[in-house]
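All remarks here apply to the structure that follows.
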Amino acid sequence: MRPTLIAKPTPTQAVEGPAYLPQGSECDLFEQTHAAQLPLLLKGPTGCGKTRLVEHMAARLGRPLITVSGHDDLGAADLTGRFLIEGGDTRWLDGPLTRAVREGAIFYLDEVVEARKDITVVLHPLADDRRVLPLDRNGELIKAAPGFMLVLSYNPGYQHLLKGLKPSTRQRFVALSLNYPTPELEQRIVQLESGCSAAVAEQLVRLAQALRRLTEHDLEETASTRLLVMAARLHQRGMALPAAAHAAILEALSDDGPTVAALVEVQSAVL
Ligand code: ADP
């Protein structure tokens with residue numbers, strides 16, 4: 001687990017943070033949810049802008065952001081903290097969630113369903129009116145500082161029966177669904193994020209549209225906005241567009257030779 005800490009901007013720094021082009025009223029919903037001291041659940045496929053939205057809003061709201069990515073070994077102690085033994089001495093080290101609760105930061109746990117189930121024990125009391133974090137080292141309850149906000153994200157497409165989010169968890173959160181942006185918006189995003197021309201962005205978005213229409217290939221994921229931005233960045237460095245799209249998009253979608261060959265067919269009809 002590698003938590004990342006984006007420092008709270010000082011008054012002299014620009015507060016816009018990374019650019020985010022909204023799909024609808026999600027920035028407003030985020031702001032209202034934060035103001036109401038409620039937690040937020042972001043749903044949507046990988047690479048559709050969930051993390052970017054959180055980064056953008058943290059900067060806009062002037063809150064520090066602490067991000068942790070869920071994985072199957074991530075448990076409650078990784079979030080709350082643990083005792084370290086140093087030269088015979090034992091000292092407590094706050095984990096990323098404890099730091100966020102104390103500092104009034106926005107805590108973003110990406111891909112929450114990948115994490116171990118014991119994390120719900122620490123998330124639930126933070127996600128309801130109590131807004132407290134129980135630390136089992138000494139039974140301490142830390143009251144969340146006013147600006148604290150808990151944001152979880154998950155990808156409903158990944159769910160299988162055993163890994164869904166429990167209703168008792170879901171029902172504590174305001175929920176927001178994001179999807180891939182409309183073609184017009186996605187084109188603007190690809191241009192903005194890579195500096196490519198409108199024509200190149202339009203071609204990449206058309207390729208994404210064609211790939212997203214594929215149903216016969218059992219792809220776990222389809223072409224995301226992130227992959228389009230990566231292809232455009234390679235192209236901006238001088239790589240031919242088909243080669244850039246092959247490396248950044250097609251190869252990311254499948255490891256299966258015949259499937260990649262079928263994706264190449266789709267690409268050659270568009271680029
Ligand atoms: P997710 O967290 O949903 O997996 P990200 O937020 O990391 O996806 O988005 C991947 C990339 O796509 C971002 O780094 C950014 O370049 C681009 N992107 C996606 N949506 C937007 C948006 N609405 N505005 C600006 N950039 C976006």
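Stokes-Einstein diffusion of region 191-236 at 25 °C, 0.890 mPa s viscosity, Kirkwood radius from Cα pairs, rounded to a whole number: 222 µm²/s. With one equal scatterer per alpha carbon and no solvent term, the Debye-computed log10 I(q)/I(0) for region 130-231 at 0.10, 0.17 1/Å reads -0.51, -0.92.
From the gyration tensor of the Cα coordinates in region 172-262, what semi-axes in whole Å does the equivalent ellipsoid have, largest first, with each one equal to sqrt(5λ)?
On the way: eigenvalues 89, 80, 24 Å².
Rounded to whole Å, the semi-axes are 21, 20, 11.
Out of all Cα-Cα pairs in region 24-81, roughly what percent, to the nearest whole number, are more than 17 Å apart? Each step should come with its number before you reach the end.
Values: 790 of 1653 pairs.
Above the 17 Å cut-off, region 24-81 has 48 percent of its Cα pairs.
Between Leu178, Phe83, Leu150, the Cα set farthest toward the positive side of the dipole of region 67-196 (charges on each charged residue's Cβ, about the Cα centre) is that of Leu150. With the cut-off at under 17 Å, measuring from each backbone N in region 85-108 to a point 7 Å along the Cα-to-Cβ line of Val132 picks out 98, 101-102. Per residue, the Cα convex hull of the chain amounts to 169 Å³.
Exposure proxy shown here: for Lys50, Lys117, the number of other Cβ atoms within 10 Å sets the order, fewest to most, as Lys117, Lys50. Across region 58-69, coupling constants 3J(HN,Hα) worked out from phi with the 6.51/-1.76/1.60 Karplus curve, θ = phi - 60°, read 4, 5, 5, 8, x, 10, x, 10, 10, 10, 10, 9 Hz, and Gly and Pro carry x.
Once the convex hull of the alpha carbons of region 87-130 is built, what does its volume come to per residue, in cubic angstrom?
Spelled out: Cα convex hull of region 87-130, divided by residues, is 130 Å³.
What you get for region 38-164, charging only the Cβ of Lys and Arg (+1) and of Asp and Glu (-1), is a dipole of about 440 debye around the Cα centre. For region 63-210, the extents of the C-alpha atoms along the principal axes are 62, 36, 30 Å, listed from largest to smallest. With θ taken as phi - 60° and the Karplus curve 6.51 cos²θ - 1.76 cosθ + 1.60 applied, the whole-hertz 3J(HN,Hα) list for region 116-126 is 5, 5, 5, 5, 5, 4, 8, 7, 4, x, 7 Hz, x standing for glycine and proline. Exposure proxy ranking for Asp128, Asp28, based on other Cβ atoms within 10 angstrom of each Cβ and starting from the fewest, stands as Asp28, Asp128.
Where does the charge balance sit around Ala243 when Lys and Arg score +1, Asp and Glu -1, over other residues with C-beta under 14 Å from its C-beta? Here the charged neighbours net out to +1. Obtain the nm distance between the two label points defined at Ser177 and Glu86 by a simple spin-label model: each point lies 7 Å from its Cα along the Cα-to-C-beta direction. Simple spin-label model gives 4.8 nm for this pair.
So what's the gap between the Cα centers of region 73-117 and region 178-203, to the nearest angstrom? First find each Cα centre; the distance between them is then 37 Å. Our summary gives the chain a relative contact order of 20 percent, counting only alpha carbon pairs under 8 angstrom and 6 or more residues apart.
Got a sec? How would Cys27, Cys48 order by Cβ neighbour count within 10 Å, fewest to most?
On the way: Cys27 15, Cys48 22.
Exposure proxy ranking, most exposed first: Cys27, Cys48.
Summarising the amide proton neighbourhood of Ala175: residues at separation of 5 or more, or on other chains, whose placed amide H is nearer than 5 Å comprise Leu41.
Bear in mind these aren't lab numbers, they're just calculated from the coordinates by the rules spelled out. Only a predicted model underlies this, so the values are computations on that prediction, with no experimental measurement involved. All Cβ positions, glycine included, derive from the backbone under ideal geometry; neighbour counts span all protein chains shown.
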